[in-house]
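*Asks:* Structure in structure tokens, see below.
The values are calculated or read from the model by the stated rules, or taken from the named source; none is laboratory data. The shown structure was predicted, so the numbers you read here are calculated from the model rather than taken from an experiment. Counting neighbours? That spans all protein chains shown, and the Cβs are built from the backbone with ideal geometry, glycine included.
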Amino acid sequence: MPKIELSLDKLVCLSVGILLAGLPHWPRLPFWIPAIHLLLIAGRLYLPYKQKKFWQTQRSLIGLARILIMIVGVIGVYTTYGTLTGRDVGITLLVLLSSLKILESQTQRDFYVCAYLGYFLVITNFFYEQTIPTVIYMFVITTIMTACLIGFNDINKRFNPIQLIKLSSTLLVQSVPLLLIMFILFPRVNGPLWGLPEDALTAVTGIDDQMSPGSISKLVQSSEVAFRVSFAGDIPEQSNLYWRGPVLWQTDGRKWTHGTSQNRLNSKSVVFSGDSTRYELMLEPTNKKWIFALELLNDAPADAYLTQDYQLKTGKAIQARKAYQLESYTSYQLNELSEDALVRALALPETSHIKSRDFADQLRQQYQTPEEIIQAILNWFQQNAFIYTLKPPLLTGDSIDEFLFNTRQGFCEHYAAAFTVLMRSSGIPARVVTGYLGGEINPVGDFLVVRQYHAHAWAEVWLKNKGWVRIDPTAVISPERVDQGIENAIPEAVIDVPFVLKNNSTLSSLWQRVRRSLDTLNYQWSQWVLGYGPERQQQLLNMLGLKAVDWKSLTILLFIMLGGSILLLGLFLLVKQPKASDPAKRYYNKFCSKLAKKGFIRQAHEGPIDYANRVINSQQHLAGDVEMITRLYVAIRYRSEADKLAELKQAVNTFVFSRSHSN
Amino acid sequence: MNIKEDINDSSINKLNQAIDTVSHIILGKEMAIRLTLTCILARGHILIEDTPGVGKTTLSHAIAAVLGLSYQRIQFTSDLLPADILGVSVYNRENEAFEFHPGPIFSNLILADEINRATPRTQSALLEAMAEYQVTIEAETRKLSLPFFVIATQNPNNQVGTFPLPESQLDRFLMQIDLGYPDAKAERQLLIGEDRRRLIGDVRSVFNAEELIRLQNQVESIQTADAILDYLQDILEFSRNSGNYTQGLSPRAGLAILHAAKAWALLHSHSIVLPEDIQAILPSVIGHRLNYAGEDNHNLTPAQHLIQHVAIP
């Protein structure tokens with residue numbers, strides 16, 4: 001490979017491309033890697049690239065420095081991570097080595113390698129994020145990298161950087177049809193587009209399978225999307241939108257957990273009434289093994305199962321956005337209660353909640369039926385100035401007693417827990433259910449967005465002839481929370497409008513609309529791009545009239561489509577006559593097209609007489625027509641005899657390519 | 001097919017007869033003969049680069065003979081001086097005055113043989129005369145006799161004892177052609193035929209200088225439509241901005257192409273210029289003005305490459 005004089009602007013372009021490709025990784029890398037990365041690239045730019053002497057005399061020195069940096073870097077990475085494999089380590093090494101490669105680049109081959117490294121570095125971003133902005137960002141980097149590649153081949157320096165970028169953008173845009181064909185037809189396997197390694201989702205916010213005072217109110221401060229739902233029919237009423245998550249049975253006085261392992265539901269003891277609600281639920285990755293579903297789910301989807309307390313669970317933690325087709329009934333009677341579940345639904349820690357137990361005993365003496373006791377407690381909540389707040393005072397000592405008889409300020413988890421304790425103390429089986437309540441309707445895409453601030457906790461009590469009945473004590477304290485959603489109950493909890501826009505209704509509504517449109521876009525993106533698995537592919541192919549295509553025929557179809565589209569493009573470029581402004585030229589082009597279809601393609605540089613002679617030489621019988629048309633065309637175009645235009649038009653239109661009889 | 005020949009001029013007919021005549025002397029070289037006559041019509045000069053013995057001298061001699069022009073041959077050698085070309089003033093004792101003895105340049109058609117064997121000083125004396133149509137000797141300007149036409153030949157530059165013409169001097173030639181070896185059939189005829197020089201002696205002049213000057217003036221009246229000028233500009237543009245060539249064509253080269261194309265059209269009795277006319281003369285007009293940039297790994301000459309890459313608008 002020849003050494004090339006790489007002009008500074010191309011070197012800068014390449015360096016910037018590599019820097020930008022690695023940039024999103026920086027916060028995830030050990031701090032010294034970006035520092036070295038920057039330093040090496042800056043060094044390469046600073047080193048007098050024009051002074052060949054420097055490179056020749058200092059070659060061994062630079063080589064030594066490179067080897068040293070590499071050894072130190074690899075050792076550093078190993079001490080930081082404790083391993084040399086895995087996603088994070090791989091990317092760290094890639095970033096480190098790409099800057100070393102830039103430093104050593106001298107020959108044309110080196111620069112090619114750097115550009116390819118850039119492409120590779122760009123793609124690694126997919127390991128962390130697959131959002132629309134990421135994709136746009138990656139497209140930009142790819143454009144820069146492609147521009148660099150074109151630049152390396154532009155030996156005569158015909159293009160300035162802006163022209164290079166334009167050219168590479170054109171190239172990328174032209175490749176879009178092929179991209180679409182590949183995307184749609186490439187055989188799909190189950191699972192996300194990009195398999196994520198184990199450590200991908202270590203810190204995801206969301207409902208946990210344990211609850212203690214403050215755990216949900218903390219969650220509510222996040223406006224991240226938990227899941228999105230599109231309903232087949234109407235969206236049910238806000239107060240019916242209880243999204244069931246983990247069911248908690250066991251308490252140590254402060255913390256609620258599920259307790260013993262959950263069993264699969266064997267036989268259903270549930271009676272549904274009314275109409276069912278069908279919907280598609282697109283769950284964001286939670287890294288947990290449960291799925292939220294509207295109360296109460298009829299049946300588990302294919303790769304999930306129902307537990308005895310009607311929680312929907314999966315075998316594997318959910319690490320990528322996934323859609324589930326579900327069907328629920330909002331009115332139901334749940335009768336499931338086994339012997340040992342009854343014991344667990346009444347259990348309380350031995351020595352705790354003294355005051356609460358005393359209070360429960362009083363109630364038990366006062367009222368006969370469980371229904372009466374429940375009503376009494378709810379009334380008591382209502383009459384004793386309990387406050388629904390996101391920022392309750394800190395609870396010390398026995399958290400339930402402290403809350404019920406002292407602070408009386410709490411969020412849903414306080415009420416749910418306290419109510420369940422009071423129930424159990426009164427001898428009524430009860431459990432805590434966590435999940436989400438409500439959701440935000442996106443009118444743009446007509447779907448429901450459930451965010452973390454919709455997190456909620458409520459109670460379920462067992463009544464003899466009614467089964468498990470949902471009691472939401474929060475509804476007594478703050479009816480708005482249930483009926484109108486958290487957006488109205490605690491507006492300050494929902495930070496969906498920036499502070500500066502709050503006082504301006506036009507701006508804030510505009511903000512809302514933009515946010516909703518973006519959310520819709522995101523939803524479609526997940527549904528059709530990230531979630532484009534075998535089912536969706538089949539669905540799309542069905543729509544196109546292709547039924548039951550297996551991966552083999554799909555592959556064949558893919559190649560046929562790819563080959564076909566390239567062929568079409570080639571043919572188009574070959575036969576296409578550029579649109580001419582001169583009418584004579586236009587008619588003449590039409591004439592040429594007619595001949596081109598029969599195999600006589602006029603070369604762009606072929607003059608009219610030469611062309612006519614070529615045609616006549618092999619098609620003697622056409623001589624008259626071809627000669628006449630050519631003569632007219634020449635007269636109009638080169639002799640300015642515009643009055644012959646009509647004659648030319650007619651001659652061209654009536655011209656038919658006929659095979660001679662002798663052929 | 002042939003588009004209608006729409007000029008009916010007895011001089012042109014005679015010119016074509018002349019081409020036939022010369023073709024019978026220089027066998028198989030009709031294109032070169034036509035280009036040479038085109039060059040004369042366009043008031044240009046022609047440079048023939050080829051190895052010795054392919055008929056350069058015969059060609060120029062034959063053309064001079066059929067056109068009825070006065071002919072001088074100057075053999076360039078390394079000791080040739082400018083005065084040997086232009087002429088010199090000699091003291092005449094009888095008149096007691098200097099008397100000018102015109103050099104060989106005072107003829108209609110000059111064959112400057114092996115021009116690159118002379119020193120640059122001598123070369124430039126000739127080349128200046130070619131550009132100015134006059135020479136200045138001892139502060140006295142003397143007009144050359146019109147029509148004035150130079151056929152220069154040069155040996156390939158890699159031969160021993162040559163002073164290559166610089167680009168600026170090459171530019172003074174409207175065309176550069178090479179003759180090349182004759183094909184087998186022409187060569188056989190040459191071998192069995194009569195002596196070429198004797199044939200030239202038999203040539204009867206069908207033409208005279210006045211007729212030639214009239215035709216030279218008529219070149220100007222050949223029409224060039226906008227479409228042709230567009231094509232010419234596309235050619236110039238491509239040569240400058242495509243990055244394929246070391247240096248683009250100059251405006252002077254553009255004028256040369258246009259003028260040569262007009263002359264070519266006239267020679268073929270056409271009153272308009274067609275793209276084919278431009279393509280016909282282009283290799284010889286720009287062959288010595290255009291070079292590939294970078295490594296020359298093409299199997300086309302730069303001019304052929306240019307023609308193939310510029311679409312006819």
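*Asks:* Residues of the stretch A:123-149 being more than 13 Å from A:Ala21 (Cα to Cα), among the aliphatic types (A, V, I, L, M) and surrounded by fewer than 18 Cβ atoms within 10 Å (Cβ to Cβ), which ones?
*Replies:* Correct list: A:Ile132 only.
*Asks:* Then there is this: Within the stretch B:236-254, identify whether any single residue is charged (D, E, K, R) and farther than 25 Å from B:Met31 by Cα, and answer yes or no. Before the answer, list the steps.
*Replies:* Our first condition is that a residue be charged (D, E, K, R); within the stretch B:236-254, this holds for B:237, B:240, B:252.
Imposing the further condition that a residue be farther than 25 Å from B:Met31 by Cα reduces the set to B:237, B:240.
Yes: the stretch B:236-254 contains one or more residues that are charged (D, E, K, R) and farther than 25 Å from B:Met31 by Cα.
*Asks:* Among all residue pairs at least 6 apart or on different chains, which show Cβ distances below 6 Å where the first residue, located in the stretch A:519-532, is assigned to a helix (DSSP H, G or I) and the second is charged (D, E, K, R)?
*Replies:* As it stands, the answer is A:Tyr523/A:Arg228; A:Ser526/A:Arg321; A:Leu530/A:Arg321, since those pairs meet every condition given.
*Asks:* Take the stretch A:86-116 and flag every residue that is within 27 Å of A:Ala65 (Cβ to Cβ) and part of a loop (DSSP other than H, G, I, E, B). If you could, list the steps in order and put the result at the bottom.
*Replies:* Step one: list which residues in the stretch A:86-116 are within 27 Å of A:Ala65 (Cβ to Cβ), which gives A:88-116.
Across the stretch A:86-116, the qualifying residues are A:Ser105, A:Gln106.
*Asks:* Further, regarding this structure: Within the set of pairs 6+ apart or on separate chains, which have a first residue in the stretch A:398-410 that is of a type in the set (Gly, Ala, Ser), a second that is at pLDDT 85 or above, and C-beta atoms under 7 Å apart?
*Replies:* That search, which allows pairs on different chains as well, returns A:Gly410/A:Phe403.
*Asks:* Restricting to the stretch B:269-295, name every residue that is of a type in the set (Asp, Glu) and facing chain A (nearest Cβ under 7 Å). Break it down into steps so the answer makes sense when it comes.
*Replies:* Here is the first cut: in the stretch B:269-295, the residues of a type in the set (Asp, Glu) are B:276-277, B:295.
The answer is B:Glu276, and nothing else.
*Asks:* While we're here: Could you list, in sequence order, the residues of the stretch A:208-218 that are at pLDDT below 80 and surrounded by 20 or more Cβ atoms within 10 Å (Cβ to Cβ)?
*Replies:* Passing the criteria: only A:Ser217.
*Asks:* Is it true that B:Ile257 is within 20 Å of the chain's Cα centre (by Cα), assigned to a helix (DSSP H, G or I) and free of Cβ contacts under 8 Å to residues at least 60 places away in the same chain?
*Replies:* Values: within 20 Å of the chain's Cα centre (by Cα): yes; assigned to a helix (DSSP H, G or I): yes; free of Cβ contacts under 8 Å to residues at least 60 places away in the same chain: yes.
It is true that B:Ile257 is within 20 Å of the chain's Cα centre (by Cα), assigned to a helix (DSSP H, G or I) and free of Cβ contacts under 8 Å to residues at least 60 places away in the same chain.
*Asks:* Go through (1) within 23 Å of A:Leu29 (Cα to Cα); (2) surrounded by fewer than 19 Cβ atoms within 10 Å (Cβ to Cβ); (3) β-branched (Val, Ile, Thr) and name the single condition A:Ile102 misses.
*Replies:* (2)
*Asks:* Now a separate question. Could you check the stretch B:198-254 and list, in sequence order, the residues that are part of a loop (DSSP other than H, G, I, E, B) and β-branched (Val, Ile, Thr)?
*Replies:* The initial filter retains those residues of the stretch B:198-254 that are part of a loop (DSSP other than H, G, I, E, B), namely B:203-208, B:222, B:224-225, B:242-244, B:246-250.
B:Val203, B:Val206, B:Ile222, B:Thr224, B:Thr246 - these are the residues of the stretch B:198-254 that are part of a loop (DSSP other than H, G, I, E, B) and β-branched (Val, Ile, Thr).
*Asks:* If I go through the stretch A:614-652 residue by residue, how many of them are under 18 Å from B:Pro313 (Cβ atoms), aliphatic (A, V, I, L, M) and facing chain B (nearest Cβ under 10 Å)?
*Replies:* The number of residues fulfilling the criteria is 3.
*Asks:* Please find, within the stretch A:563-577, the residue that is modelled with the highest pLDDT out of those that are closer than 30 Å to A:Met182 by Cβ and within 14 Å of chain B (Cβ to nearest Cβ).
*Replies:* Within the stretch A:563-577, the subset closer than 30 Å to A:Met182 by Cβ is A:563-576.
In the following step, the residues that additionally are within 14 Å of chain B (Cβ to nearest Cβ) were identified as A:573-574, A:576.
On the way: A:Leu573: 75, A:Leu574: 71, A:Lys576: 64.
Taking the candidates together, the pick is A:Leu573.
Matching residues to (1) over 15 Å from B:Glu114 (Cβ atoms); (2) more than 14 Å from chain A (Cβ to nearest Cβ); (3) in contact with a His (Cβ under 9 Å, 6 or more places away or on another chain); (4) surrounded by 12 or more Cβ atoms within 10 Å (Cβ to Cβ):
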position: B:Thr153; (1), (2), (3), (4): no, yes, no, yes
position: B:Val160; (1), (2), (3), (4): no, yes, no, no
position: B:Pro164; (1), (2), (3), (4): no, yes, no, yes
position: B:Asp178; (1), (2), (3), (4): no, yes, no, yes
position: B:Ala184; (1), (2), (3), (4): yes, yes, no, no
position: B:Gln189; (1), (2), (3), (4): yes, yes, no, yes
position: B:Arg197; (1), (2), (3), (4): yes, yes, yes, yes
position: B:Asp202; (1), (2), (3), (4): yes, yes, no, no
position: B:Val206; (1), (2), (3), (4): yes, yes, no, yes
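*Asks:* Are there helices (runs of 4 or more DSSP H) fully within the stretch B:103-196 with at least 1 residues that are under 16 Å from the mean Cα position of the chain (by Cα) and of a type outside the set (Gly, Ala, Ser)? List them. Before you say what the answer is, go through the steps one by one.
*Replies:* Working: elements: B:120-132, B:167-170, B:184-192.
Passing ranges, in order: B:120-132, B:167-170.
*Asks:* Tally up the residues in the stretch A:602-624 that are more than 19 Å from B:Ile228 (Cα to Cα) and modelled with pLDDT under 85, please.
*Replies:* As a first pass, look at the stretch A:602-624 and keep what is more than 19 Å from B:Ile228 (Cα to Cα): A:613-624.
Narrowing the set further to residues that are modelled with pLDDT under 85 leaves A:618-624.
Summing the residues that are more than 19 Å from B:Ile228 (Cα to Cα) and modelled with pLDDT under 85 in the stretch A:602-624 gives 7.
*Asks:* Checking the structure you have, find out if any residue of the stretch B:82-92 is surrounded by fewer than 16 Cβ atoms within 10 Å (Cβ to Cβ), of a type in the set (S, T, N, Q) and modelled with pLDDT under 85.
*Replies:* Step one: list which residues in the stretch B:82-92 are surrounded by fewer than 16 Cβ atoms within 10 Å (Cβ to Cβ), which gives B:83, B:89-92.
Retained after the next criterion (residues that are of a type in the set (S, T, N, Q)): B:89, B:92.
Remaining after also requiring modelled with pLDDT under 85: B:89, B:92.
Within the stretch B:82-92, one or more residues are surrounded by fewer than 16 Cβ atoms within 10 Å (Cβ to Cβ), of a type in the set (S, T, N, Q) and modelled with pLDDT under 85.
*Asks:* Which ones in the stretch A:579-613 are touching a helix residue (DSSP H, G or I) at 6+ places or on another chain (Cβ under 8 Å), within 13 Å of another protein chain (Cβ to nearest Cβ), part of a helix (DSSP H, G or I) and among the basic types (Lys, Arg)?
*Replies:* Within the stretch A:579-613, just A:Lys585 meets the criteria.
*Asks:* On the given criteria, is A:Ala232 under 28 Å from A:Asn335 (Cβ atoms) and buried (at least 18 other Cβ atoms within 10 Å of the Cβ)? If you could, list the steps in order and put the result at the bottom.
*Replies:* Numbers: under 28 Å from A:Asn335 (Cβ atoms): yes; buried (at least 18 other Cβ atoms within 10 Å of the Cβ): no.
Spelling it out, it is not the case that A:Ala232 is under 28 Å from A:Asn335 (Cβ atoms) and buried (at least 18 other Cβ atoms within 10 Å of the Cβ).
*Asks:* Of all residues in the stretch A:315-345, which are under 21 Å from the mean Cα position of the chain (by Cα), crowded, with 19+ Cβ neighbours inside 10 Å and within 28 Å of A:Thr251 (Cβ to Cβ)?
*Replies:* A:Ile318
*Asks:* In the stretch A:363-375, what residues are more than 21 Å from A:Cys412 (Cβ to Cβ), free of Cβ contacts under 8 Å to residues at least 40 places away in the same chain and surrounded by 12 or more Cβ atoms within 10 Å (Cβ to Cβ)?
*Replies:* A:Tyr367, A:Glu372
*Asks:* Select the helices (runs of 4 or more DSSP H) contained entirely in the stretch A:117-192, then report the ones holding at least 2 residues which are of a type outside the set (Lys, Arg) and within 14 Å of chain B (Cβ to nearest Cβ).
*Replies:* Numbers: elements: A:132-153, A:161-174, A:176-185.
It comes to A:132-153, A:161-174.
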